1. Are any residues in the range 51-62 surrounded by fewer than 16 Cβ atoms within 10 Å (Cβ to Cβ) and in a loop (DSSP other than H, G, I, E, B), and if so, which ones?
2. For residue 120, are the conditions met, namely being farther than 27 Å from residue 16 by Cα, over 17 Å from the mean Cα position of the chain (by Cα) and among the charged types (D, E, K, R)?
3. Mind checking whether some residue in the range 12-21 is of a type outside the set (Asp, Glu), at positive phi and out of contact with any Asp or Glu (no Cβ under 6 Å at 6 or more places or on another chain)?
4. Search the range 76-98 for residues being of a type in the set (D, E, K, R) and exposed (fewer than 13 other Cβ atoms within 10 Å of the Cβ), and hand back the single one that is nearest to residue 36 (Cα to Cα).
5. Test of understanding: among 71, 35, which residue is over 24 Å from residue 17 (Cα atoms) and loosely packed, with under 13 Cβ neighbours inside 10 Å?
6. Specify the residue that is modelled with the lowest pLDDT; the eligible residues are those in the range 95-144 that are acidic (Asp, Glu) and not in a helix (DSSP H, G or I).
7. Which condition number does residue 59 fail, the rest of (1) within 16 Å of residue 43 (Cβ to Cβ); (2) modelled with pLDDT of 95 or more being met?
Amino acid sequence: MVNGRAGVGARSFPRVDRLNRVLCEVLAESVERLADTEERLELVTVTSVSVDPDLRHCTVFISRDDEGVLAALEEKRGWLQAQVARQTSLKRTPLLSFRVDPSLLTGLRIEGILRTMHVDGLLGTDEVDDDGADGELAKDEGTL
């Protein structure tokens with residue numbers, strides 16, 4: 001680590017990290033306000049934000065994989081950027097782009113694989129049930 005920063009391959013810019021947190025907070029609150037008037041944005045969560053090191057572009061990761069949600073966010077991009085400009089003291093507001101959070105999609109894929117394994121009998125009954133309880137405990141509770 002040189003001057004408080006990570007090595008060349010994994011550079012960390014403290015200003016960008018702080019800006020990511022602030023923009024995530026501002027955008028989450030703004031999307032929540034938009035959801036009151038735009039039904040396509042109901043139950044949408046801003047999971048994270050990634051600002052480029054040059055501060056010109058910002059990728060906003062959301063929790064719903066739905067074309068209607070992405071279209072609504074694209075339509076409201078100008079308003080969201082105006083909210084960022086009002087609530088931050090940036091010289092230039094980064095251009096917002098919206099994507100579905102890949103970690104959520106990966107989690108759903110893994111959950112589907114586990115469910116398939118459970119249905120196919122590859123996971124035993126002593127594995128964790130859907131309610132998170134140990135299978136043996138659930139059997140014992142049923143006999144009481």
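The values are calculated or read from the model by the stated rules, or taken from the named source; none is laboratory data. Keep in mind it's a predicted model, so treat the numbers as computed, not measured. Using ideal geometry, Cβ is built from the backbone for each residue, glycine included, and neighbour counts are taken over all protein chains shown.
1. If the condition is that a residue be surrounded by fewer than 16 Cβ atoms within 10 Å (Cβ to Cβ) and in a loop (DSSP other than H, G, I, E, B), then 52, 53, 54, 56 are the ones that fit.
2. Working: farther than 27 Å from residue 16 by Cα: yes; over 17 Å from the mean Cα position of the chain (by Cα): yes; among the charged types (D, E, K, R): yes.
For residue 120, the condition - farther than 27 Å from residue 16 by Cα, over 17 Å from the mean Cα position of the chain (by Cα) and among the charged types (D, E, K, R) - is met.
3. Initial filter on the range 12-21 (of a type outside the set (Asp, Glu)): 12-16, 18-21.
Filter once more, so that each one left must be at positive phi: none.
No.
4. Here is the first cut: in the range 76-98, the residues of a type in the set (D, E, K, R) are 76-77, 86, 91-92.
Applying the additional criterion that residues be exposed (fewer than 13 other Cβ atoms within 10 Å of the Cβ) yields 86, 91-92.
Details: 86: 20, 91: 30, 92: 28 Å.
For the range 76-98, the residue satisfying everything is 86.
5. On the way: 35 fails: loosely packed, with under 13 Cβ neighbours inside 10 Å.
Being over 24 Å from residue 17 (Cα atoms) and loosely packed, with under 13 Cβ neighbours inside 10 Å holds for just one of 71, 35, which is 71.
6. If we filter the range 95-144 for residues that are acidic (Asp, Glu), which is where we start, we get 101, 111, 120, 126-127, 129-131, 134, 136, 140-141.
Now narrow it down to the ones that are not in a helix (DSSP H, G or I): 101, 120, 126-127, 129-131, 134.
Working: 101: 91, 120: 75, 126: 53, 127: 50, 129: 52, 130: 55, 131: 53, 134: 47.
If we take residues in the range 95-144 being acidic (Asp, Glu) and not in a helix (DSSP H, G or I), then 134 is modelled with the lowest pLDDT.
7. The failed condition is (1).
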